[in-house]
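The values are calculated or read from the model by the stated rules, or taken from the named source; none is laboratory data. Remember, predicted model here, so these are calculated numbers, not experimental data. Methodologically, a virtual Cβ is constructed for each residue, glycine included, from the backbone with ideal geometry; neighbour enumeration extends over all protein chains shown.
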Amino acid sequence: MSYLVIALLLGALVWIAVSDFRSRSILLVLFPVLFILSFLKGYMLDGWNILPQFGLNLIFLAIILGSVRLMFKLRGDAEFMDVQFGTGDLLMLVAITPMMAELEYLWSITFAAIGAILVYYPKIKKQTPFPIPFAGVMALIVGGLVVMEVFNFHLFA
């Protein structure tokens, strides 16, 4: 695995995390860069076998987001996708799809959701709509997984 791709990938993830935690806004150019670097990392590990897992990850993402959207719509909370779950969060989830196997992708989303809830639990108790830096939490978790993979510690395999 090329350490240049890993270094650039980690740099992009750190940049996303820092900017999301600081200002809740991320440069949109980072997501195509992250997608390309994720694709390169996945290709270096599995070759063209990443295409089926990329497709499955996109299907999982569509099912999860569709279910969450439906749940909030049935509750009458239409502002979920605008206030609490932004465009950057969605682009982050799409950008990392080619990098991970299906199970690893699902666990990453789960850990990011739990991490975001734990970090922002005091604000959640006040029950006022506020933006959660989900993309930043996700970037930290994915960055940790990439570092662990460099040292041959595979959490999900």
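Structural remarks
- Residue count for the range 23-61, restricted to those that are at positive phi and part of a helix (DSSP H, G or I): 1.
- Hits in the range 17-43 - residues which are of a type in the set (G, A, S) and within 14 Å of the chain's Cα centre (by Cα): A17, S38
- Scope the range 9-46; condition exposed (fewer than 15 other Cβ atoms within 10 Å of the Cβ) and in contact with an Asp or Glu (Cβ under 9 Å, 6 or more places away or on another chain); matching residues: L45
- Residue list for the range 86-134, filter: more than 29 Å from M44 (Cβ to Cβ) and modelled with pLDDT of 85 or more: I114
- Boolean, L90 is within 24 Å of Y120 (Cα to Cα) and either in contact with a helix residue (DSSP H, G or I) (Cβ under 6 Å, 6 or more places away or on another chain) or surrounded by 12 or more Cβ atoms within 10 Å (Cβ to Cβ) (or both): yes
- Residue count for the range 82-112 under the criterion of being among the aromatic types (F, W, Y), in contact with a Phe, Trp or Tyr (Cβ under 9 Å, 6 or more places away or on another chain) and assigned to a helix (DSSP H, G or I): the result is 2.
- Residues of the range 30-50 classified as more than 17 Å from L93 (Cβ to Cβ) and either among the polar types (S, T, N, Q) or modelled with pLDDT under 90 (or both), total: 7
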